[in-house]
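In what follows, a single structure is set out as structure tokens and then discussed.
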Amino acid sequence: MHNNLVILAGGASSRMKKEAISNNLSAEEIAQANQRSKGLIGVGSSGRPLLDYLLLNAKKAGYKNIYIIIGEQGELFKEFYGNQDRNNDFNNLTISFATQYIPAGRVKPFGTADALFQAVEQFPELNQQEYSVCNSDNLYSAEALLALRKTESPNAFISYDRDALEFPLERISRFAIAKLDKNNQLQDILEKPSADVLEDYKDVEGKIRVSMNAFKFSGSMLYPHLKNCPVHPERDEKELPTVLLNTVKANPNTTIGIPFSEHVPDLTAKEDIADVKEYLRKHYPVLDWEV
């Protein structure tokens, strides 16, 4: 099993910075949502950020080496988790930081695939190893993260049952869906699916499966497709699902969807803050690092 987890935290958080629709946020919560990376918003009982809880679950799952991809203005991450670029000790996790630089001529970062490419260029040892990748603004369970560590498939992703996600239906309907064969090997990913195609995308259990950006990769197999990732024609970004599909095309039957049926708390917009705080109160009343 591998011990490396790469956490994507260098995005622009554009949706989080939009004006809140609800009025149940404090002035401090609004300020943090507007100024901080999403994973650093204080949603825990003691004001600790969501990323603490993700790191706790990573520790429970057995990860040792954590690589956090931050933006060029990501110094606040170092105030929380260590001021060195490499090998900070945080509750017996070794935390290093990769920086996603914005290319000349662009205002925003160039997407998740660009973030990971810059990270493996800064930490090239990952290209000879296996590693997991996930978002900083989702709270994946320790069980899901452990499944990524344990799988023997070169590449994998957590294949979530869409019906188990506790989001509004309108939001869920926008999630990209995965097509898997009878052995749960990835065949395709469909963005913005229409209702008339859902039946064709059901898996062997009759479930519609979605990715929440929790992956496991073979560094050597992924690297050429990461390096040569095309730009998405609509979003003008380089995206990890594109890299994954290109890897599957070049290496059939090497990417498994690991079925899971559970909710994944998510901090996308200000309206999510109260829901995540309530989830943490219920499921993580104490942040206990003695695991």
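Please treat every number below as a calculation from the coordinates, not as lab data. Remember, predicted model here, so these are calculated numbers, not experimental data. Virtual Cβ from ideal backbone geometry, glycine too; neighbours counted across all protein chains shown.
The table below gives the values:
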item	result
Inter-label distance for Glu143 and Ala164, nm, one decimal - labels placed 7 Å from Cα along Cα-to-Cβ	0.7
Of all DSSP beta bridges in the chain, antiparallel share, percent nearest 5	50
Amide H contacts under 5 Å for Asn135, placed H, 5+ residues apart	Leu8
Footprinting exposure proxy for Thr112, Thr99 (fewest neighbouring C-beta atoms within 10 Å first)	Thr99, Thr112
Relative exposure of Ser46, Ser220, Ser132, judged by other C-beta atoms within 10 Å (fewest first)	Ser46, Ser220, Ser132
Set Lys64/Lys150; Lys179/Lys270; Lys192/Lys238; Lys202/Lys282; Lys182/Lys207; Lys64/Lys108 screened for pairs whose C-alpha atoms are more than 22 Å apart	Lys179/Lys270; Lys202/Lys282; Lys64/Lys108
Of every Cα-Cα pair in the stretch 125-211, the percent that sits beyond 15 Å	64
Cα gyration tensor, the stretch 12-148 - rounded (a/c under 1.5), prolate or oblate	oblate
Segments 222-228, 210-216 sorted - mean Cβ within 10 Å per residue, highest first	210-216, 222-228
Phi-based couplings in Hz for the stretch 149-166 (Karplus 6.51, -1.76, 1.60; Gly and Pro marked x)	5, 7, 4, 8, 5, x, 10, 7, 8, 6, 9, 7, 5, 4, 6, 8, 7, 8
Value of relative contact order over the stretch 4-283, rounded to a whole percent, pairs C-alpha under 8 Å and six or more apart	25
Under-5 Å amide H pairs with Val43, H placed in peptide plane, nonlocal only	Leu50
Average projected area [Cα convex hull, the chain], square nanometres	14.8
Only Lys, Arg (+1) and Asp, Glu (-1) charged, at Cβ; the stretch 4-283 dipole about Cα centre in debye	340
